[in-house]
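Below: one structure, written as structure tokens.
Just so it is clear, none of the values below were taken in a lab; they were calculated from the coordinates. On a predicted model such as this, the values are computed, not experimentally measured, just so you know. Positions of Cβ are backbone-derived with ideal geometry, glycine not excepted, and every protein chain shown enters the neighbour counts.
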Amino acid sequence: MALREILLGPIYIARALATTFKHNTKPIVTIEYPERQKPVPPRERGRHILHRYANGLEKCVGCELCAIACPVGCIVVEAAENTPEHRVSPGERYAKRYEINLLRCIYCGMCEEACPYDAITMGPRYDLADDHPDKFIAVKEDMLEPLSASLQDTARPSGAPSAQAVPRKW
């Protein structure tokens with residue numbers, strides 16, 4: 001038995017080294033993450049995005065359908081009434097408070113399916129790591145799309161598109 005192991009030992013070592021050298025000639029698949037990122041698929045479900053209209057008004061009208069559709073209950077929406085001097089969305093109401101607990105979220109996309117105004121979508125951003133659990137409560141200001149450069153200099157227009165023309169046709 002010992003003589004057989006002595007004779008076959010170098011053969012086993014040569015096979016193992018051949019496997020190692022074969023894999024060393026293949027291209028490297030590891031990327032340097034913060035500097036370069038892999039492209040994400042077009043239907044990737046990452047961080048939530050709250051959208052705005054072209055005139056800067058928020059699409060979310062605070063209807064809470066996304067919170068109702070969420071299977072884990074991680075969305076909190078608190079609505080408030082729009083006033084003529086403080087118009088935030090085109091409807092009668094707007095989302096005064098909009099929070100998503102990203103630790104509870106299962107990224108199923110039910111919130112964006114339930115929204116009749118296409119106000120919330122799941123974007124391609126997938127860098128969700130952080131060092132403290134409190135940083136995983138996404139608030140409305142973090143999720144809102146930034147205003148376009150032309151709208152940042154001017155105040156929000158008081159006129160809003162009709163809320164009846166905005167909902168998705170089922």
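When the stretch 90-130 is filtered for residues that are closer than 19 Å to Gly73 by Cβ, surrounded by fewer than 17 Cβ atoms within 10 Å (Cβ to Cβ) and among the hydroxyl-bearing types (Ser, Thr, Tyr), only Tyr107 remains. Every condition in (1) in contact with a Gly (Cβ under 8 Å, 6 or more places away or on another chain); (2) closer than 18 Å to Pro146 by Cα holds for Tyr126 except the one numbered (2). If you check His23, His51, His86 for being surrounded by 10 or more Cβ atoms within 10 Å (Cβ to Cβ) and more than 19 Å from Glu113 (Cβ to Cβ), only one passes: His86.
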